[in-house]
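The structure appears below as structure tokens.
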Amino acid sequence: PRKVGESWPINAENAAKDAGDHGIVIDAKGISGTMTLKGVEIANGGKALRLSAALEAKNVQPPAAPGVTVDSCNVEGHFGGLFPVDLAQRPVESEMSMDMTVAMTTKGVKVQSKTHMSLKETTSPVKK
């Protein structure tokens with residue numbers, strides 16, 4: 001069991017596998033990050049964990065369009081939320097922000113792209 005305020009390294013192997021399930025190739029050796037237990041709360045009638053994580057991935061290989069070569073890709077992400085201990089329940093809150101920098105070559109032209117993505121989701125029981 002973890003204590004509130006405790007941090008630990010993320011599981012790079014699981015992070016690489018999860019990315020692979022979405023078509024993104026990352027060597028686990030290029031992934032680092034930290035998970036923190038921010039608190040324990042009651043949500044939707046049960047115990048839930050408030051978690052946050054920071055992740056950095058180097059040498060990411062995202063899917064590329066035909067004729068495009070990805071020369072380098074690095075990702076930095078921040079994730080968090082309120083997650084029920086009962087894994088059959090959906091997260092009460094979840095949020096993610098990610099910054100991705102990609103250098104690529106297309107038709108002999110080198111291009112650099114910087115992308116920021118963010119997502120925030122909340123769920124609650126439907127009242128009858």
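The values are calculated or read from the model by the stated rules, or taken from the named source; none is laboratory data. The shown structure was predicted, so the numbers you read here are calculated from the model rather than taken from an experiment. Cβ coordinates were reconstructed from backbone atoms using ideal geometry, including for glycine residues, and neighbour counts include every protein chain displayed. Side chains are part of the model used for accessible areas, which takes the heavy atoms of the whole protein and leaves out ligands, DNA and RNA. Shrake-Rupley method; radii C 1.70, N 1.55, O 1.52, S 1.80 Å.
Candidates Val75, Val109: the one that is at pLDDT 95 or above, surrounded by 16 or more Cβ atoms within 10 Å (Cβ to Cβ) and either of a type in the set (Val, Ile, Thr) or under 20 Å from Gly30 (Cα atoms) (or both) is Val75. Picking from residues in the stretch 1-13 that are open to solvent by 50 Å² or more (accessible area, probe 1.4 Å) and either of a type in the set (Gly, Ala, Ser) or modelled with pLDDT under 95 (or both), the one that is nearest to Arg50 (Cα to Cα) is Gly5. For Ser52, the requirement of being surrounded by 14 or more Cβ atoms within 10 Å (Cβ to Cβ), in contact with a His (Cβ under 7 Å, 6 or more places away or on another chain) and modelled with pLDDT of 95 or more is not met. Considering the stretch 36-49, and only residues there that are among the hydrophobic types (A, V, I, L, M, F, W, C) and open to solvent by 50 Å² or more (accessible area, probe 1.4 Å), the residue that is nearest to Arg90 (Cα to Cα) turns out to be Leu49. Of the residues Glu41, Glu56, the single one that is among the charged types (D, E, K, R) and under 14 Å from the mean Cα position of the chain (by Cα) is Glu56.
Given the criteria within 23 Å of Val4 (Cα to Cα) and either surrounded by 13 or more Cβ atoms within 10 Å (Cβ to Cβ) or modelled with pLDDT of 95 or more (or both), does Met96 qualify? Considered against the rule, which asks whether it is within 23 Å of Val4 (Cα to Cα) and either surrounded by 13 or more Cβ atoms within 10 Å (Cβ to Cβ) or modelled with pLDDT of 95 or more (or both), Met96 comes out as yes. So is Pro62 touching a strand residue (DSSP E or B) at 6+ places or on another chain (Cβ under 7 Å), surrounded by 14 or more Cβ atoms within 10 Å (Cβ to Cβ), at pLDDT below 95 and under 22 Å from Lys114 (Cα atoms) or not? Yes, satisfied. Applying the condition of being without any contact (Cβ under 8 Å) to a residue 12 or more places away in the chain and touching a strand residue (DSSP E or B) at 6+ places or on another chain (Cβ under 8 Å) to the stretch 66-122 and asking which residue is farthest from Ala12 (Cα to Cα) yields Val111.
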